[in-house]
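Participant: Let me give you the structure first, and then I'll get to my questions.
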Amino acid sequence: MQARMKNPAYVLPGAVKGIGTLIQGIGEGGLSQEVAEIVGLRTSQINGCSACVHGHVVNLRKAGASEERIASVAAWREAPYFSDAERAALQLTESVTRLADRSHESVPDALWDEIADHFDEKEVSALILTIALTNMFNRINTTIREPAGTTWG
């Protein structure tokens, strides 16, 4: 499989610069790499982005995540491998990513309170931006049919 075109972020130099600045800002939030990769993986699974699923799995392995944790992200509610903080982050990920599926407010107060119990304001900011940025990447990659195994940068 081959992509339909070069990634649009690389076609437009200002876009890749802006994305880089956003990634740098997210890094200033103090969110652990493993939490960021877990929510990135879950977002990408929901959106069916093979390139991003592959990339997050590779990054989780590099970060030392166990194969059990990686394989269980799709079924995180039933898996014993996640902390309460990670479960809250995964629930936020699903709520923010599945906006079109909602029959209630996107992020209920109870979920927001749970997130606030586990993460400080900078970490919450990094978490929200990580989910949003991953959704953007998923939409780009599925549109251009970016294949799994693609590397960027």
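Participant: Just name the residue that is surrounded by the fewest Cβ atoms within 10 Å (Cβ to Cβ) out of those in the stretch 87-114 that are among the hydroxyl-bearing types (Ser, Thr, Tyr) and in a helix (DSSP H, G or I).
Facilitator: Ser95
Participant: Which one of Ala9, Ala3 is out of contact with any Gly (no Cβ under 8 Å at 6 or more places or on another chain), open to solvent by less than 50 Å² (accessible area, probe 1.4 Å), in a loop (DSSP other than H, G, I, E, B) and touching a residue at least 24 places away in the same chain (Cβ under 8 Å)?
Facilitator: Ala3
Participant: Considering only residues that are loosely packed, with under 12 Cβ neighbours inside 10 Å and either touching a Lys or Arg at 6+ places or on another chain (Cβ under 7 Å) or farther than 22 Å from Val57 by Cα (or both), which ones fall in the stretch 12-29?
Facilitator: Across the stretch 12-29, the qualifying residues are Leu12, Pro13, Gly14, Lys17, Thr21, Glu28.
Participant: Would you check if Ala65 is part of a loop (DSSP other than H, G, I, E, B) and among the hydrophobic types (A, V, I, L, M, F, W, C)?
Facilitator: Judged against the criteria, Ala65 is a match.
Participant: Got at least one residue in the stretch 66-86 being closer than 30 Å to Pro13 by Cβ, open to solvent by 40 Å² or more (accessible area, probe 1.4 Å) and modelled with pLDDT of 95 or more?
Facilitator: Looking for residues that are closer than 30 Å to Pro13 by Cβ, open to solvent by 40 Å² or more (accessible area, probe 1.4 Å) and modelled with pLDDT of 95 or more, one finds none in the stretch 66-86, hence no.
Participant: Could you pull out the residue among Phe137, Phe82 that is more than 26 Å from Met1 (Cβ to Cβ) and aromatic (Phe, Trp, Tyr)?
Facilitator: None of the others qualify; the one that does is Phe82.
Participant: Right, next: Of all residues in the stretch 33-45, how many are surrounded by 16 or more Cβ atoms within 10 Å (Cβ to Cβ) and within 14 Å of Ala89 (Cβ to Cβ)?
Facilitator: Residues flagged as surrounded by 16 or more Cβ atoms within 10 Å (Cβ to Cβ) and within 14 Å of Ala89 (Cβ to Cβ) within the stretch 33-45 amount to 9.
Participant: Would you check which residues across the stretch 31-53 are touching a helix residue (DSSP H, G or I) at 6+ places or on another chain (Cβ under 6 Å) and either more than 25 Å from Lys122 (Cα to Cα) or among the hydroxyl-bearing types (Ser, Thr, Tyr) (or both) and list them?
Facilitator: Passing the criteria: Thr43, Ser44, Gln45, Ile46, Asn47, Cys49, Ala51, Val53.
The values are calculated or read from the model by the stated rules, or taken from the named source; none is laboratory data. Because the structure is predicted, anything quoted here is derived from the model rather than measured. FYI the Cβ positions are ideal-geometry reconstructions off the backbone, even for glycines, and counts take in every protein chain you see. Areas reflect the complete protein model, heavy atoms only, side chains present, ligands, DNA and RNA absent. Shrake-Rupley method; radii C 1.70, N 1.55, O 1.52, S 1.80 Å.
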